[in-house]
Amino acid sequence: MRTVAVRIGPRAGVVIVLASFLGLVAFFWPFVVAPGTFGSNYAPPLIFGVLLVLVLCVVVSEIAEGGVDSKALAMLGVLSAVNAALRPLGAGTAGIETVFFLLVLAGRVYGPGFGFTLGCTSLFASALITGGVGPWMPYQMFGCAFVGMLAGLLPRATGRGEVLMLAVYGSLSGYLFGFLLNLSFWPFSVDPGSSLAYLPGLPFTEQWQRYLAFDVATSLGWDTGRAVTNFVCVLLAGPAVLAVFRRAARKARFQAPVRFSPSPPPAPELPENGEIRPR
(Lines give C-alpha, C1' and ligand atoms only; values in the text may rest on other atoms or scores of the structure.)
Protein backbone atom coordinates (compact mmCIF):
# COMPACT_ATOMS: atom_id res chain seq x y z
CA MET A 1 0.00 0.00 0.00
CA ARG A 2 1.29 3.45 -0.94
CA THR A 3 -0.09 6.44 0.96
CA VAL A 4 0.21 10.08 -0.08
CA ALA A 5 0.59 11.89 3.23
CA VAL A 6 1.70 15.15 1.60
CA ARG A 7 0.02 15.83 -1.71
CA ILE A 8 2.04 17.56 -4.44
CA GLY A 9 -0.04 19.76 -6.71
CA PRO A 10 0.93 20.80 -10.25
CA ARG A 11 2.46 24.08 -9.12
CA ALA A 12 4.44 22.40 -6.34
CA GLY A 13 5.65 19.80 -8.86
CA VAL A 14 6.98 22.53 -11.15
CA VAL A 15 8.68 24.21 -8.19
CA ILE A 16 10.34 20.93 -7.17
CA VAL A 17 11.64 20.37 -10.70
CA LEU A 18 13.12 23.88 -10.83
CA ALA A 19 14.53 23.47 -7.33
CA SER A 20 16.15 20.18 -8.32
CA PHE A 21 17.81 21.89 -11.28
CA LEU A 22 19.11 24.71 -9.07
CA GLY A 23 20.26 22.14 -6.52
CA LEU A 24 22.27 20.25 -9.12
CA VAL A 25 23.83 23.53 -10.26
CA ALA A 26 24.72 24.32 -6.64
CA PHE A 27 26.39 20.92 -6.21
CA PHE A 28 28.21 20.96 -9.54
CA TRP A 29 29.32 24.59 -9.35
CA PRO A 30 33.03 23.76 -9.89
CA PHE A 31 32.11 22.62 -13.41
CA VAL A 32 29.63 25.39 -14.29
CA VAL A 33 31.06 28.56 -12.70
CA ALA A 34 33.59 30.42 -14.80
CA PRO A 35 37.00 30.93 -13.15
CA GLY A 36 37.24 34.21 -11.28
CA THR A 37 33.49 34.89 -11.39
CA PHE A 38 33.22 35.39 -7.64
CA GLY A 39 36.83 36.38 -7.04
CA SER A 40 37.48 33.55 -4.55
CA ASN A 41 37.05 29.80 -4.36
CA TYR A 42 35.34 30.22 -0.97
CA ALA A 43 32.52 32.42 -2.25
CA PRO A 44 30.57 30.00 -4.53
CA PRO A 45 29.65 27.39 -1.87
CA LEU A 46 28.48 30.14 0.49
CA ILE A 47 26.43 31.86 -2.20
CA PHE A 48 24.90 28.60 -3.44
CA GLY A 49 24.31 27.50 0.16
CA VAL A 50 22.20 30.61 0.81
CA LEU A 51 20.42 30.00 -2.50
CA LEU A 52 19.64 26.42 -1.46
CA VAL A 53 18.12 27.62 1.83
CA LEU A 54 15.83 30.00 -0.05
CA VAL A 55 14.92 27.30 -2.57
CA LEU A 56 14.13 24.79 0.17
CA CYS A 57 11.92 27.32 1.95
CA VAL A 58 9.98 27.94 -1.26
CA VAL A 59 9.59 24.22 -1.97
CA VAL A 60 8.43 23.37 1.56
CA SER A 61 5.96 26.28 1.54
CA GLU A 62 4.56 25.16 -1.81
CA ILE A 63 4.20 21.58 -0.58
CA ALA A 64 2.52 22.78 2.61
CA GLU A 65 0.11 24.96 0.64
CA GLY A 66 -0.78 22.00 -1.55
CA GLY A 67 -2.01 19.97 1.38
CA VAL A 68 -0.42 19.08 4.71
CA ASP A 69 -3.10 18.24 7.22
CA SER A 70 -2.59 18.08 10.97
CA LYS A 71 -2.04 14.30 10.96
CA ALA A 72 0.69 14.49 8.32
CA LEU A 73 2.29 17.40 10.16
CA ALA A 74 2.30 15.42 13.40
CA MET A 75 3.86 12.41 11.67
CA LEU A 76 6.47 14.67 10.10
CA GLY A 77 7.37 16.15 13.48
CA VAL A 78 7.66 12.75 15.16
CA LEU A 79 9.86 11.22 12.43
CA SER A 80 12.03 14.34 12.25
CA ALA A 81 12.65 14.12 15.99
CA VAL A 82 13.40 10.39 15.78
CA ASN A 83 15.83 10.92 12.90
CA ALA A 84 17.51 13.81 14.72
CA ALA A 85 17.99 11.55 17.74
CA LEU A 86 19.28 8.62 15.64
CA ARG A 87 21.89 10.56 13.71
CA PRO A 88 24.36 11.18 16.58
CA LEU A 89 24.39 7.43 17.32
CA GLY A 90 26.43 6.61 14.23
CA ALA A 91 27.81 9.73 12.56
CA GLY A 92 31.56 9.99 12.88
CA THR A 93 32.35 6.28 13.15
CA ALA A 94 33.64 4.67 9.94
CA GLY A 95 30.93 6.39 7.91
CA ILE A 96 28.08 4.73 9.80
CA GLU A 97 24.93 6.83 9.25
CA THR A 98 21.72 5.88 11.03
CA VAL A 99 19.54 8.62 9.56
CA PHE A 100 19.01 7.36 6.01
CA PHE A 101 17.20 4.05 6.45
CA LEU A 102 14.25 5.68 8.24
CA LEU A 103 14.15 8.38 5.58
CA VAL A 104 14.01 5.78 2.80
CA LEU A 105 11.23 3.78 4.45
CA ALA A 106 9.13 6.85 5.28
CA GLY A 107 9.49 8.20 1.74
CA ARG A 108 8.45 4.82 0.38
CA VAL A 109 5.26 4.61 2.46
CA TYR A 110 4.16 8.25 2.68
CA GLY A 111 5.14 9.47 -0.78
CA PRO A 112 7.76 11.71 -2.43
CA GLY A 113 6.41 14.97 -1.00
CA PHE A 114 6.66 13.64 2.54
CA GLY A 115 10.13 12.20 1.84
CA PHE A 116 11.39 15.51 0.47
CA THR A 117 10.10 17.45 3.46
CA LEU A 118 11.34 14.88 5.98
CA GLY A 119 14.84 15.00 4.49
CA CYS A 120 14.96 18.76 5.02
CA THR A 121 13.51 18.82 8.53
CA SER A 122 15.51 15.82 9.79
CA LEU A 123 18.88 17.30 8.85
CA PHE A 124 17.90 20.74 10.11
CA ALA A 125 16.80 19.36 13.48
CA SER A 126 19.87 17.15 13.87
CA ALA A 127 22.17 20.07 12.97
CA LEU A 128 20.62 22.14 15.75
CA ILE A 129 21.02 19.30 18.24
CA THR A 130 24.61 18.37 17.35
CA GLY A 131 25.85 21.88 16.61
CA GLY A 132 26.43 21.01 12.96
CA VAL A 133 25.16 24.31 11.59
CA GLY A 134 27.45 25.62 8.86
CA PRO A 135 27.75 26.31 5.14
CA TRP A 136 27.54 22.57 4.50
CA MET A 137 24.09 22.21 6.12
CA PRO A 138 21.99 23.37 3.10
CA TYR A 139 23.81 20.85 0.90
CA GLN A 140 23.13 18.07 3.41
CA MET A 141 19.47 19.06 3.65
CA PHE A 142 19.05 19.07 -0.11
CA GLY A 143 20.89 15.77 -0.49
CA CYS A 144 18.64 14.08 2.08
CA ALA A 145 15.58 15.65 0.46
CA PHE A 146 16.59 13.99 -2.81
CA VAL A 147 17.01 10.64 -1.04
CA GLY A 148 13.56 10.79 0.56
CA MET A 149 11.82 12.03 -2.57
CA LEU A 150 13.33 9.38 -4.86
CA ALA A 151 12.36 6.66 -2.36
CA GLY A 152 8.73 7.69 -2.86
CA LEU A 153 9.11 7.41 -6.65
CA LEU A 154 10.45 3.84 -6.71
CA PRO A 155 8.38 1.29 -8.67
CA ARG A 156 5.77 -0.89 -7.04
CA ALA A 157 6.88 -4.05 -5.27
CA THR A 158 5.68 -6.24 -2.41
CA GLY A 159 7.06 -8.60 0.18
CA ARG A 160 10.73 -9.48 0.20
CA GLY A 161 11.20 -7.98 -3.24
CA GLU A 162 10.20 -4.58 -1.92
CA VAL A 163 12.53 -4.80 1.07
CA LEU A 164 15.43 -5.89 -1.14
CA MET A 165 14.72 -3.05 -3.58
CA LEU A 166 14.71 -0.52 -0.75
CA ALA A 167 17.91 -1.98 0.70
CA VAL A 168 19.69 -1.68 -2.64
CA TYR A 169 18.37 1.83 -3.11
CA GLY A 170 19.50 2.80 0.39
CA SER A 171 22.97 1.49 -0.37
CA LEU A 172 23.20 3.38 -3.68
CA SER A 173 21.85 6.55 -2.09
CA GLY A 174 24.65 6.36 0.49
CA TYR A 175 27.23 6.56 -2.30
CA LEU A 176 25.30 9.24 -4.20
CA PHE A 177 24.92 11.42 -1.10
CA GLY A 178 28.66 11.33 -0.43
CA PHE A 179 29.48 11.97 -4.09
CA LEU A 180 27.31 15.10 -4.17
CA LEU A 181 28.42 16.45 -0.79
CA ASN A 182 32.09 16.21 -1.72
CA LEU A 183 31.48 18.54 -4.65
CA SER A 184 30.53 21.36 -2.31
CA PHE A 185 33.96 21.58 -0.63
CA TRP A 186 36.35 19.86 -3.04
CA PRO A 187 37.77 23.09 -4.60
CA PHE A 188 39.31 24.34 -1.34
CA SER A 189 40.01 21.11 0.56
CA VAL A 190 43.15 19.94 -1.26
CA ASP A 191 46.56 21.51 -1.84
CA PRO A 192 46.40 23.26 -5.25
CA GLY A 193 49.61 21.50 -6.24
CA SER A 194 48.03 18.06 -5.81
CA SER A 195 46.85 16.00 -8.76
CA LEU A 196 43.46 15.72 -7.01
CA ALA A 197 42.94 19.46 -6.60
CA TYR A 198 40.44 21.66 -8.38
CA LEU A 199 42.15 23.90 -10.92
CA PRO A 200 39.96 26.62 -12.48
CA GLY A 201 40.10 26.72 -16.24
CA LEU A 202 40.88 23.07 -16.90
CA PRO A 203 38.80 21.22 -19.52
CA PHE A 204 35.74 19.42 -18.18
CA THR A 205 37.12 15.93 -18.80
CA GLU A 206 40.34 16.57 -16.92
CA GLN A 207 38.49 18.33 -14.10
CA TRP A 208 36.08 15.40 -13.86
CA GLN A 209 38.94 12.89 -13.66
CA ARG A 210 40.50 14.89 -10.85
CA TYR A 211 37.25 14.88 -8.91
CA LEU A 212 36.69 11.15 -9.38
CA ALA A 213 40.19 10.49 -8.08
CA PHE A 214 39.55 12.81 -5.13
CA ASP A 215 36.25 11.10 -4.29
CA VAL A 216 37.77 7.62 -4.43
CA ALA A 217 40.86 8.57 -2.43
CA THR A 218 39.18 10.57 0.33
CA SER A 219 35.56 9.46 0.59
CA LEU A 220 35.00 5.98 -0.82
CA GLY A 221 35.64 4.22 2.50
CA TRP A 222 33.32 6.57 4.38
CA ASP A 223 30.61 6.25 1.75
CA THR A 224 30.94 2.47 1.84
CA GLY A 225 30.27 2.51 5.58
CA ARG A 226 27.15 4.57 4.97
CA ALA A 227 26.01 2.29 2.14
CA VAL A 228 26.51 -0.88 4.18
CA THR A 229 24.68 0.64 7.15
CA ASN A 230 21.72 1.60 4.98
CA PHE A 231 21.58 -1.84 3.38
CA VAL A 232 21.75 -3.76 6.66
CA CYS A 233 19.29 -1.50 8.52
CA VAL A 234 16.68 -1.63 5.75
CA LEU A 235 17.11 -5.36 5.29
CA LEU A 236 16.75 -6.13 9.01
CA ALA A 237 14.36 -3.46 10.25
CA GLY A 238 12.56 -2.76 6.98
CA PRO A 239 9.68 -5.27 7.23
CA ALA A 240 8.75 -4.24 10.77
CA VAL A 241 9.08 -0.49 10.15
CA LEU A 242 7.11 -0.67 6.90
CA ALA A 243 4.32 -2.53 8.69
CA VAL A 244 4.23 0.09 11.46
CA PHE A 245 4.21 2.98 9.00
CA ARG A 246 1.44 1.44 6.92
CA ARG A 247 -0.67 0.64 9.97
CA ALA A 248 -0.29 4.27 11.09
CA ALA A 249 -1.24 5.44 7.59
CA ARG A 250 -4.41 3.31 7.62
CA LYS A 251 -5.48 4.71 10.98
CA ALA A 252 -4.59 8.31 10.13
CA ARG A 253 -6.26 8.26 6.68
CA PHE A 254 -4.23 11.17 5.35
CA GLN A 255 -6.06 13.49 2.96
CA ALA A 256 -9.35 11.65 3.57
CA PRO A 257 -12.22 13.36 1.72
CA VAL A 258 -14.78 15.17 3.84
CA ARG A 259 -18.39 14.20 3.09
CA PHE A 260 -21.47 15.81 4.58
CA SER A 261 -24.58 13.64 4.78
CA PRO A 262 -28.02 15.29 4.84
CA SER A 263 -29.56 15.65 8.27
CA PRO A 264 -32.52 13.36 9.00
CA PRO A 265 -36.02 14.89 9.03
CA PRO A 266 -37.26 16.02 12.45
CA ALA A 267 -39.26 13.50 14.42
CA PRO A 268 -42.99 14.32 14.82
CA GLU A 269 -44.22 15.52 18.18
CA LEU A 270 -46.50 13.34 20.29
CA PRO A 271 -49.09 15.48 22.09
CA GLU A 272 -50.93 14.38 25.21
CA ASN A 273 -54.08 13.25 23.34
CA GLY A 274 -52.02 10.80 21.25
CA GLU A 275 -52.41 12.58 17.92
CA ILE A 276 -49.27 12.85 15.81
CA ARG A 277 -48.70 16.50 14.96
CA PRO A 278 -45.91 17.45 12.48
CA ARG A 279 -43.28 19.82 13.83
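So the values come out like this:
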read-out	value
Filtered residues of segment 137-169 (kept if farther than 20 Å from Ser126 by Cβ and small (Gly, Ala, Ser))	Gly152, Ala157, Gly159, Gly161, Ala167
Test for Pro192: is it touching a residue at least 60 places away in the same chain (Cβ under 8 Å) and open to solvent by 10 Å² or more (accessible area, probe 1.4 Å)	no
Subset tally (residues that are touching an Asp or Glu at 6+ places or on another chain (Cβ under 7 Å) and not in a helix (DSSP H, G or I)) for segment 206-255	2
Selected residue (only one of Ala19, Ala5 is aliphatic (A, V, I, L, M) and at pLDDT below 70)	Ala5
Single match in Arg156, Arg108 (criterion: open to solvent by 20 Å² or more (accessible area, probe 1.4 Å) and either in contact with a Phe, Trp or Tyr (Cβ under 7 Å, 6 or more places away or on another chain) or of a type in the set (D, E, K, R) (or both))	Arg156
Count of residues meeting criterion [outside any loop (DSSP other than H, G, I, E, B) and either of a type in the set (Asp, Glu) or modelled with pLDDT under 80 (or both)] in segment 188-205	1
Filter result for the condition that a residue is open to solvent by less than 50 Å² (accessible area, probe 1.4 Å), over 25 Å from Cys144 (Cβ atoms), of a type in the set (A, V, I, L, M) and modelled with pLDDT under 85, over Ala256, Ala249	Ala256
Of all residues in segment 204-220 being exposed (fewer than 13 other Cβ atoms within 10 Å of the Cβ), of a type outside the set (D, E, K, R) and closer than 15 Å to Phe31 by Cα, the one that is nearest to the chain's Cα centre (by Cα)	Leu212
Number of positions in segment 119-143 that are open to solvent by less than 40 Å² (accessible area, probe 1.4 Å), within 17 Å of Phe48 (Cα to Cα) and in contact with a Leu (Cβ under 8 Å, 6 or more places away or on another chain)	8
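The values are calculated or read from the model by the stated rules, or taken from the named source; none is laboratory data. On a predicted model such as this, the values are computed, not experimentally measured, just so you know. Virtual Cβ from ideal backbone geometry, glycine too; neighbours counted across all protein chains shown. The protein model used for the area step is the full one, side chains on, heavy atoms only, and it has no ligands, DNA or RNA in it. Shrake-Rupley method; radii C 1.70, N 1.55, O 1.52, S 1.80 Å.
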